[in-house]
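Have a look at the structure below, then the notes.
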Amino acid sequence: MTCKILFSDIDGTLLNADRDLSVLTVNEIKRIREEIPVILVSARMPKQMYHLQEKLDIRQDPLVCYNGALVLVDEKPIHSTEIPFEAVKRIVDYNENSAEGKFHISLFNTNSWYVEAYDRWAQREENNTKVSPEIKANRAVLKAWEPVQKGAHKITCMGDAHLIEKAYQHFKEHLGNDLHLYRSKDTYIEIANREVSKLTGIQKLLSHYGLSLEEAMAFGDNYNDTEMIAAVGHGVAVANARDEVKAVANAITGHHKEDGVARYIQKTL
């Protein structure tokens, strides 16, 4: 197969059971990185990926962040699409006016991550990504963003399942035409501009490199990886991937806890 560039999702795909990079994964990516650029593609913010890039010795390589909403080359954006300010405001308004109680909201833009309190949801995200949030009220963030109509690259809503389900249904009805709403767990909603996806993000980067989708290989596991896996020349699902991802993949490799990506690279590249 012809592979001139490799894209990989992070959580549930590239990382092991300890949410870290195994020795085999590090060694295999270091082996190919001189000839084949290895690009991390994630819902994460940029600085939540830097430590992984450093371990893989690909810190100089581009990043596709926030499910494609932000694409960085040499740490500068070549593409950026935000959730519009008014949509951010409506999400905050809904949460503050909910009769059933508030849930956690994280607001992200580039390398800024804001939370209202250092609660268990913020602690869990910090533990998983090795980055700490800035404590700032949602209203204070909106006040700072409003004069320039700055939006969010990503919003995450986390909380009790019944609150998140009700919020999801409300956002789907009132904002669903403009926003992507991802549900990886019943306590979690990940929100992005509807115009972006991991596929649009890698397309921006391929255009920058002068490469085609056919020349790309990609690895993934979750719903937000499906378009990317289906579109590239060689899409690979890990064994723990959603059935929807496996259905469009060219191949299935081992579980993310068993170095599935590294073993596939070792076998094919």
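The values are calculated or read from the model by the stated rules, or taken from the named source; none is laboratory data. Note that the structure is a prediction, hence the values are computed from the model and not measured. Glycine gets a Cβ as well: all are built from the backbone with ideal geometry, and neighbour counts include every protein chain shown.
Tabulated values for the structure
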item	result
Those residues of the stretch 159-199 which are closer than 28 Å to Leu63 by Cα and touching a Ser or Thr at 6+ places or on another chain (Cβ under 6 Å), in sequence order	Glu190, Asn193, Glu195, Val196
Answer from Val64, Val88, Val23, Val41 - the residue that is over 26 Å from Ala192 (Cα atoms) and either touching a strand residue (DSSP E or B) at 6+ places or on another chain (Cβ under 6 Å) or at pLDDT 95 or above (or both)	Val23
Criterion violated by Ala99 - all others in (1) outside any strand (DSSP E or B); (2) in contact with a helix residue (DSSP H, G or I) (Cβ under 7 Å, 6 or more places away or on another chain) satisfied	(2)
Every pair of residues 6+ apart whose Cβ atoms lie under 7 Å, when the first sits in the stretch 214-236 and is on the phi < 0 side of the Ramachandran plot while the second is among the basic types (Lys, Arg) and crowded, with 21+ Cβ neighbours inside 10 Å	Asn224/Lys198; Asp225/Lys198; Glu227/Lys198; Met228/Lys198
When residues of the stretch 178-199 are limited to those that are of a type in the set (S, T, N, Q) and surrounded by fewer than 20 Cβ atoms within 10 Å (Cβ to Cβ), the one farthest from Ile32 (Cα to Cα)	Thr187
Members of the stretch 105-134 that are at pLDDT 95 or above, of a type outside the set (Ser, Thr, Tyr) and surrounded by 19 or more Cβ atoms within 10 Å (Cβ to Cβ)	Ile105, Leu107, Phe108, Asn109, Trp113, Val115, Glu116, Trp121, Ala122, Pro133
Filter pass, Ile36 being in the same structural domain as Gln203 (by TED's automatic domain parsing) and in contact with a Cys (Cβ under 9 Å, 6 or more places away or on another chain)	yes
Selection from the stretch 50-68 of residues that are in contact (Cβ under 8 Å) with a residue 40 or more places away in the chain and assigned to a strand (DSSP E or B)	Val64, Cys65
Selection status of Leu206, surrounded by fewer than 22 Cβ atoms within 10 Å (Cβ to Cβ), part of a loop (DSSP other than H, G, I, E, B), in the same structural domain as Arg44 (by TED's automatic domain parsing) and touching a strand residue (DSSP E or B) at 6+ places or on another chain (Cβ under 7 Å)	no
Single match in Ala239, Ala247, Ala262 (criterion: in contact with a His (Cβ under 8 Å, 6 or more places away or on another chain) and of a type in the set (A, V, I, L, M, F, W, C))	Ala239
Scope the stretch 33-49; condition crowded, with 21+ Cβ neighbours inside 10 Å and part of a loop (DSSP other than H, G, I, E, B); matching residues	Ser42, Ala43, Arg44, Met45, Met49
Qualifying helices (runs of 4 or more DSSP H) (wholly inside the stretch 112-190; at least 2 residues being touching a strand residue (DSSP E or B) at 6+ places or on another chain (Cβ under 7 Å) and closer than 18 Å to Asn222 by Cβ)	161-175
Checking Thr200 against (1) β-branched (Val, Ile, Thr); (2) in contact (Cβ under 8 Å) with a residue 40 or more places away in the chain; (3) touching a Phe, Trp or Tyr at 6+ places or on another chain (Cβ under 8 Å), the condition it does not meet	(3)
Residue list for the stretch 102-111, restricted to those being aromatic (Phe, Trp, Tyr) and assigned to a loop (DSSP other than H, G, I, E, B)	Phe103
